[in-house]
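Engineer: Would you mind keeping the following structure in view while I ask a few things?
The values are calculated or read from the model by the stated rules, or taken from the named source; none is laboratory data. Just so we're clear, the structure is a prediction, and the values are computed from it rather than from any experiment. Counting neighbours? That spans all protein chains shown, and the Cβs are built from the backbone with ideal geometry, glycine included.
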Amino acid sequence: MDLRITPEQHQLRAGLHQWLVDNLPWEYGVGLPPRFPDLDETVAFGREWQARLAADRWVGITWPVELGGRGLGPAEHFVVTEELARARAPELVGRIGINLVGPTLTAHGTSEQCRRWLPPILGADELWCQLFSEPDAGSDLASLATRAERVDGGWRLTGQKVWTSYAQFADWGLCLARSEPDAPKRQQGISCLAVDMHADGVEVRPLVQITGEAEFNEVLLDGVFVPEDQLVGRPGEGWTVANSTLSHERGVNPRQLGIHCQLLLGLLELAQERENGFDDWGIRQRVAEAYVEVKLFQLHNWRTLTRLERGEAPGPEGSALKLYWSEMSKRLHETVLAVLGPAAGLWQGASHNPGDGTWQRSWLYYQAASIFAGTNEIQRTLVGERVLGLPRG
């Protein structure tokens, strides 16, 4: 693709840069987003930050203008994501709605569903979660057992979901359930429904992670009624809807690129400050490797961007992208701990915010990178079968 920035994209970047200088709750280029000891406080701050961005239409860049977006293309979305990363802006608290649910509804929802659900997503007025994984059907999503039974006026949901991020704060959940248990293939007979997370029969149980936080949850669905107009796509074609969602989760959205650009910048600053940073040949080589790997990750993202700019579907190559960054992330975090040296085992923060455990928390969190969003074993299978054309095992 042509990597030269257009005048319009340059103007967009400059406009966002100035907006961030004027609106960041910390000093641009120096400070860092605040960290809170309580997840409730983190989400409350995230809602305020996202609402501020959305008020000036810096959220949902590619969404239609009539639904609150700017109607721009994938390249402009990348420009905005990169600029937010440079400012070390926090992730959008409503990122599941923005990055996954929004594109899915645009592709498969009715016009009424889009008008009803998309605008509240932009300013984090309503948060969404993703009700896909199950205790006995994690990466093997086609084995899901949650049932959706036809009843008068809609569906009755019964089952259990797990590893659901931010479910305790979500207003809506995009849920996959088996609506035709006698379908000849596992991928058939699955429907996709939008579930009101405040409805009777929905129970959310937070799961404490190794970081000490409870971002993930299990969700019990005990006879939850879902009206007919909350079916996304056609009955029994939820697998097609799910693949659209997963392609955005694994390969289209530059969320992890933005995160790892921030982590790389923090690593470079840390190496400059530590005695064993650039003076130690071995660590210097590892820091250089981390820099190169993040830049390669950027090139991989640009390749996906090329497909989108041409109007092509993301394709299964997103599995290769997810596979790459998840393993790259673990190596980068190991390098961070090497730079920290003897202090690596202490709950010690990043250079601009000492004592808050930023690096240790990040290292612990990204140990799961090879598991969430589809395990790396599953990604290798998808790459082999759908990209390389290898026979099924």
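Engineer: May I ask you to say which residue of TRP117, TRP128, TRP163 is aromatic (Phe, Trp, Tyr), touching a Ser or Thr at 6+ places or on another chain (Cβ under 9 Å) and touching a residue at least 24 places away in the same chain (Cβ under 8 Å)?
Structural biologist: One residue alone meets the criteria, TRP163.
Engineer: Mind counting the residues in the range 204-216 that are touching a residue at least 60 places away in the same chain (Cβ under 8 Å) and either in contact with a strand residue (DSSP E or B) (Cβ under 8 Å, 6 or more places away or on another chain) or aromatic (Phe, Trp, Tyr) (or both)?
Structural biologist: 2
Engineer: OK, next. How about the range 282-311: which of its residues are of a type in the set (Phe, Trp, Tyr) and closer than 14 Å to GLU327 by Cα?
Structural biologist: PHE297
Engineer: If the requirement is being closer than 22 Å to LEU264 by Cβ, small (Gly, Ala, Ser) and at pLDDT 75 or above, which of these qualifies: ALA350, ALA338?
Structural biologist: ALA338
Engineer: Right, something else. Grab the strands (runs of 3 or more DSSP E) fully contained in the range 106-183, keeping just those with 1 or more residues being basic (Lys, Arg).
Structural biologist: Those strands (runs of 3 or more DSSP E) span 147-151, 154-161, 172-178.
Engineer: What is the number of the single condition among (1) surrounded by 20 or more Cβ atoms within 10 Å (Cβ to Cβ); (2) in contact with a Phe, Trp or Tyr (Cβ under 9 Å, 6 or more places away or on another chain) that GLY154 does not meet?
Structural biologist: It fails just one condition, (1).
Engineer: Another question, then. Given the options LEU32, LEU92, LEU100, name the one that is modelled with pLDDT of 85 or more and more than 21 Å from ARG303 (Cα to Cα).
Structural biologist: The unique qualifying residue is LEU92.
Engineer: Can you report the number of residues in the range 252-306 which are within 21 Å of GLY60 (Cα to Cα) and of a type in the set (Gly, Ala, Ser)?
Structural biologist: Counting residues in the range 252-306 that are within 21 Å of GLY60 (Cα to Cα) and of a type in the set (Gly, Ala, Ser) gives 1.
Engineer: Restricting to the range 266-287, and then to whatever is hydrophobic (A, V, I, L, M, F, W, C) and touching a residue at least 12 places away in the same chain (Cβ under 8 Å), can you tell me which residue is farthest from ILE96 (Cα to Cα)?
Structural biologist: ILE283
Engineer: Which numbered condition in (1) modelled with pLDDT under 95; (2) more than 30 Å from VAL339 (Cβ to Cβ); (3) in a helix (DSSP H, G or I) is the only one that LEU268 fails?
Structural biologist: Failing condition for LEU268: (2).
Engineer: On to the next question. Kindly indicate whether ALA87 is assigned by TED's automatic domain parsing to the domain that holds LEU231 and surrounded by fewer than 22 Cβ atoms within 10 Å (Cβ to Cβ). Reasoning before the result, please.
Structural biologist: Values: assigned by TED's automatic domain parsing to the domain that holds LEU231: no; surrounded by fewer than 22 Cβ atoms within 10 Å (Cβ to Cβ): yes.
For ALA87, the condition - assigned by TED's automatic domain parsing to the domain that holds LEU231 and surrounded by fewer than 22 Cβ atoms within 10 Å (Cβ to Cβ) - is not met.
Engineer: Given the condition in contact (Cβ under 8 Å) with a residue 24 or more places away in the chain, assigned to a helix (DSSP H, G or I) and small (Gly, Ala, Ser), answer yes or no: does some residue in the range 79-86 qualify?
Structural biologist: Step one: filter the range 79-86 for residues in contact (Cβ under 8 Å) with a residue 24 or more places away in the chain, giving 79-86.
Subset that is assigned to a helix (DSSP H, G or I): 79-86.
When the remaining residues are screened for being small (Gly, Ala, Ser), the result is 85.
Scanning the range 79-86, I find at least one residue that is in contact (Cβ under 8 Å) with a residue 24 or more places away in the chain, assigned to a helix (DSSP H, G or I) and small (Gly, Ala, Ser), so the answer is yes.
Engineer: While we're looking at this one, here's another question. Please count how many residues of the range 369-379 are in contact (Cβ under 8 Å) with a residue 60 or more places away in the chain and either of a type in the set (D, E, K, R) or part of a helix (DSSP H, G or I) (or both).
Structural biologist: Adding up the residues that qualify gives 3.
Engineer: When you go through (1) at pLDDT 75 or above; (2) out of contact with any helix residue (DSSP H, G or I) (no Cβ under 7 Å at 6 or more places or on another chain) one by one for SER370, which number turns out not to apply?
Structural biologist: It is condition (2) that SER370 fails.
Engineer: Going through the range 45-70 one residue at a time, which ones are surrounded by 15 or more Cβ atoms within 10 Å (Cβ to Cβ) and assigned to a helix (DSSP H, G or I)?
Structural biologist: PHE45, GLY46, ARG47, TRP49, GLN50, ALA51, ARG52, LEU53, ALA54, LEU67
Engineer: Please work out which one of (1) within 20 Å of the chain's Cα centre (by Cα); (2) under 25 Å from LEU100 (Cβ atoms); (3) modelled with pLDDT under 85 is the condition THR358 fails and give its number.
Structural biologist: THR358 satisfies every listed condition except (2).
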